[in-house]
1. I'd like the residue in the range 72-98 that is out of contact with any helix residue (DSSP H, G or I) (no Cβ under 9 Å at 6 or more places or on another chain) and not in a loop (DSSP other than H, G, I, E, B) and, out of all such residues, is farthest from Ala59 (Cα to Cα).
2. Within the range 99-122, which residues are modelled with pLDDT under 95 and part of a loop (DSSP other than H, G, I, E, B)?
3. Here's a check for you: in the range 1-38, which residue that is within 23 Å of the chain's Cα centre (by Cα) and part of a loop (DSSP other than H, G, I, E, B) is modelled with the highest pLDDT?
4. Asp89 is checked against (1) touching a Ser or Thr at 6+ places or on another chain (Cβ under 6 Å); (2) charged (D, E, K, R); (3) over 28 Å from Gly65 (Cα atoms) and fails just one. What number does that condition carry?
5. Of Leu8, Leu91, Leu61, which residue is surrounded by fewer than 13 Cβ atoms within 10 Å (Cβ to Cβ), closer than 27 Å to His217 by Cα and not polar (S, T, N, Q)?
6. Which of the residues that make up the range 50-82 are within 20 Å of Leu99 (Cβ to Cβ) and touching a residue at least 24 places away in the same chain (Cβ under 8 Å)?
7. Is it the case, given these coordinates, that Pro72 is within 24 Å of Cys47 (Cα to Cα) and either surrounded by fewer than 19 Cβ atoms within 10 Å (Cβ to Cβ) or modelled with pLDDT under 95 (or both)?
Amino acid sequence: MRISGGQLVVQRGDQRVFDLAVGAARGFRAGEGASEPVTPETRFQVCSASKAVLAHAIARLEERGQIDIHAPVRRYLAEFVAPDVTVLDVLTHRSGITLPELSRHPDLWGDWRNVVQALQHEAPAFSRGTLAYQPLAYGWILCEILQRITGDTLEAFSAREYGSDLAWRYCGLAAHTYWLGPHRTRSRRSDVHYGSRVGRILRFDTEGSFRTARALHARAHARL
C-alpha cells in the first residue's frame, strides 16, 4: 500500500533507539510523475519549527538585559503600528497583529522593506489580548526587534549564538506536503528555489524550516 511519506526519530539519552523513513516524498497522487521514496535525508517543510529558535534568541537578549519583554514593541521599533502591544504579547500570540494583507502576497516577502512597511502601517486584525495565532507576523515582528537591538541580521546573530550549521536559507528539493484541506499555492511545493524571494520561509520564520527528522532532533538535543 502506498502512503504519503514521513520520518520519525526517537532518542533516549545519547542513544538513538528509533529512526524510520517511510512512504512517498513525491508522486503520491496521480499526475505528479514518478514516485520517489522518503529517505532519512529527505527534507520536509516543518511549519513554524523556527519559531522556537527565534523565541530562544529573544530570551537570550532578555537574560543579557538587552530587552524587556513587558515593554511596548515601540520601545525597539518606534514606528510600530500598535502603541500598546508588548513584546510579550507577540511571544504569546496576543498582539492582535497578524498582517493578513502582507500574508496574502508572498511575492512581497523577499524584500524586507515590505515587511517593515507592513509593521508600520497594517492595522491590527484583532484587539490586543485576543488569542490569535500569528503564523507569519510572529517572526516578522520579533526578527525586526532582534535586528534593531543587536544591529545584526538574523543570520549573523544565529551563526554567532548557535553555530553555522543552523541555516536559514535553503534551495533544493523537499517532500511534497500532502494534507486534506483546501489547495493552497504553497501546500505542495517540492522545488524550493528562492532567488529574489530568498528568506520567504526560513530566514525570517514565516512558515517554518526545511529539515529532516534527524536534523530537527539534533537541534533540540543540542538545546537540552
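The values are calculated or read from the model by the stated rules, or taken from the named source; none is laboratory data. Quantities reported herein were computed from a predicted structural model and do not represent experimental measurements. Backbone-built Cβ (ideal geometry, glycine too); neighbour counts: all protein chains shown.
1. Arg74
2. Of everything in the range 99-122, those that are modelled with pLDDT under 95 and part of a loop (DSSP other than H, G, I, E, B) turn out to be Arg104, His105, Trp109, Gly110, Asp111.
3. If we take residues in the range 1-38 being within 23 Å of the chain's Cα centre (by Cα) and part of a loop (DSSP other than H, G, I, E, B), then Val38 is modelled with the highest pLDDT.
4. (3)
5. Residue meeting the stated conditions: Leu8.
6. Ser50, Lys51, Leu54, Ala55, Ile58, Val73, Tyr76, Leu77, Glu79, Phe80, Val81, Ala82
7. Taking the combined requirement at face value, the residue does not satisfy it.
Here's the yes/no breakdown for (1) under 24 Å from Ala49 (Cα atoms); (2) surrounded by 15 or more Cβ atoms within 10 Å (Cβ to Cβ); (3) of a type in the set (Lys, Arg):
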residue	(1), (2), (3)
His105	yes, no, no
Gly110	yes, yes, no
Gln117	no, no, no
Tyr133	yes, no, no
Leu136	yes, yes, no
Gly139	yes, yes, no
Glu144	yes, yes, no
